[in-house]
Amino acid sequence: MSNPNQKKAEYKTLILFPLFALAMAFSYELFIFPNNFAPSGIGGIATMAQHLFKINSGAAYLNLLLNLPILALAWKLVNREFVIKTFLFTLSFSVFLVILDQFDFSKFAYHTDNGTSTILAPIAAAAVNGAFYGFSLRCHGSSGGTDVVSFCIRHYRPEYNVAWLSFAINAVIACASYFVYDFKFEPVICCIVYCFIFSLVGNQVLRGSKSALKFEIITQHPKELSDDLTKQLNRGVTLIPAEGGYTHQQKSLVICIINKHQIADIQAIISKYPGSFAYITDVSETLGNFVKVK
């Protein structure tokens, strides 16, 4: 029997995708179209076609047409929940672009008559679109285009680095924009800046903001050290038996995940036990029972 709470959460997730698409459609109208540059992926191809052939809402229709065969292929190869959510995003995005195209946003759109500070447009658009792209991936969907192609390729060739596929497509779009936008280098630079910030922001959102530090401590005082970490930092620990490779001396490996502001506290605790040493690694996100101490 399915869990009613799980179904309710799933319905809420589905509502989010049209909202993500609406925000991205606004960023196209306010930052991308007025400043004549192509963003990354399928959206960049559709944007260039709209500019080249002067078709009203051409980017909206072409974005949907290019994504449909890709999603049809993905339906057989990829998780169907992912395909449904991606289709919902893609359809909503195209519909909102058509609707927004009926309104005059010239008073709100970012554009300079003499072209100064045009570079701010791809920065703003990439920050907005990258954030909602990351959120869509966290909700087990995507904004379509090269992501879906990457999933399909990974089905047949999992050893391929799909990041290079996205890089190649975006490189072609950047080069093509030189010819599409009146043989100017500014659209090429804007496209490169957009792709970089889009990936940066999207990956950061995907990784999450619950960053932490992992301490792995080699010690001969596992019991005392563990008690101090638990009582003073309110953190759980994991103990693993360890053996020195040179001396073959029996020790313990103590693993503890802490918030970054607790680093001075844990260093003070470790210093109390002679012969103990630790190394630190970044944890991009924590899941499960990890409560941040105020």
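The values are calculated or read from the model by the stated rules, or taken from the named source; none is laboratory data. Please read these numbers as outputs of a predicted model, since none were measured by experiment. Heads up, the Cβs are rebuilt from the backbone with ideal geometry, glycines too, and the neighbour counts pull from every protein chain shown.
In region 1-90, which helices (runs of 4 or more DSSP H) lie fully inside it and hold 2 or more residues that are under 19 Å from the mean Cα position of the chain (by Cα)?
Numbers: elements: 4-27, 41-53, 58-77.
It comes to 4-27, 41-53.
Consider Phe196 against the criteria (1) crowded, with 18+ Cβ neighbours inside 10 Å; (2) closer than 30 Å to Tyr178 by Cα; (3) of a type in the set (A, V, I, L, M, F, W, C): it satisfies all of them except one. Which criterion is unmet?
That leaves (1) as the condition not met.
Those residues that are touching a helix residue (DSSP H, G or I) at 6+ places or on another chain (Cβ under 9 Å) and either at pLDDT 90 or above or part of a helix (DSSP H, G or I) (or both), I need them from region 203-226; list them, please.
Asn203, Gln204, Val205, Leu206, Arg207, Phe215, Ile217, Thr219, Leu225, listed by residue number.
Filtering region 241-257 down to residues that are of a type in the set (Val, Ile, Thr) and under 15 Å from Asp227 (Cα atoms), which residue is surrounded by the fewest Cβ atoms within 10 Å (Cβ to Cβ)?
My answer is Ile255.
Using the structure shown, decide if Tyr110 is in contact with a helix residue (DSSP H, G or I) (Cβ under 6 Å, 6 or more places away or on another chain) and either modelled with pLDDT under 90 or more than 26 Å from Val149 (Cβ to Cβ) (or both).
Details: in contact with a helix residue (DSSP H, G or I) (Cβ under 6 Å, 6 or more places away or on another chain): yes; either modelled with pLDDT under 90 or more than 26 Å from Val149 (Cβ to Cβ) (or both): yes.
Here the answer is yes, as Tyr110 does meet what is asked.
Tell me the residue from Leu229, Leu200 that is in contact with a Cys (Cβ under 7 Å, 6 or more places away or on another chain), in contact (Cβ under 8 Å) with a residue 24 or more places away in the chain and assigned to a helix (DSSP H, G or I), please.
Testing whether each residue is in contact with a Cys (Cβ under 7 Å, 6 or more places away or on another chain), in contact (Cβ under 8 Å) with a residue 24 or more places away in the chain and assigned to a helix (DSSP H, G or I) leaves just Leu229.
Conditions (1) over 19 Å from Gly41 (Cβ atoms); (2) of a type outside the set (Gly, Ala, Ser), marked per residue:
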site	(1), (2)
Phe103	yes, yes
Ser106	yes, no
Ile123	no, yes
Ala127	no, no
Gly134	no, no
Gly141	no, no
Thr146	no, yes
Ser150	no, no
Glu159	yes, yes
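Filter region 145-175 for residues that are surrounded by 19 or more Cβ atoms within 10 Å (Cβ to Cβ) and either not assigned by TED's automatic domain parsing to the domain that holds Ala23 or not in a helix (DSSP H, G or I) (or both) and give the result.
Gly145 - this is the single residue of region 145-175 that is surrounded by 19 or more Cβ atoms within 10 Å (Cβ to Cβ) and either not assigned by TED's automatic domain parsing to the domain that holds Ala23 or not in a helix (DSSP H, G or I) (or both).
Between residues in region 261-272 that are surrounded by fewer than 16 Cβ atoms within 10 Å (Cβ to Cβ) and residues that are of a type in the set (Phe, Trp, Tyr), which pairs lie under 7 Å by C-beta distance while being six or more apart or on different chains?
The qualifying pairs do not exist here.
Of the numbered conditions (1) part of a loop (DSSP other than H, G, I, E, B); (2) within 30 Å of Arg138 (Cα to Cα), Tyr246 fails exactly one; give the number of that condition.
(2)
Given the structure, is Ser142 in a loop (DSSP other than H, G, I, E, B), modelled with pLDDT of 85 or more and in contact with a helix residue (DSSP H, G or I) (Cβ under 8 Å, 6 or more places away or on another chain)?
Yes, satisfied.
Among Tyr246, Tyr178, which is the only one that is outside the structural domain of Ala38 (by TED's automatic domain parsing), of a type in the set (Ser, Thr, Tyr) and free of Cβ contacts under 8 Å to residues at least 12 places away in the same chain?
Of Tyr246, Tyr178, the one residue that is outside the structural domain of Ala38 (by TED's automatic domain parsing), of a type in the set (Ser, Thr, Tyr) and free of Cβ contacts under 8 Å to residues at least 12 places away in the same chain is Tyr246.
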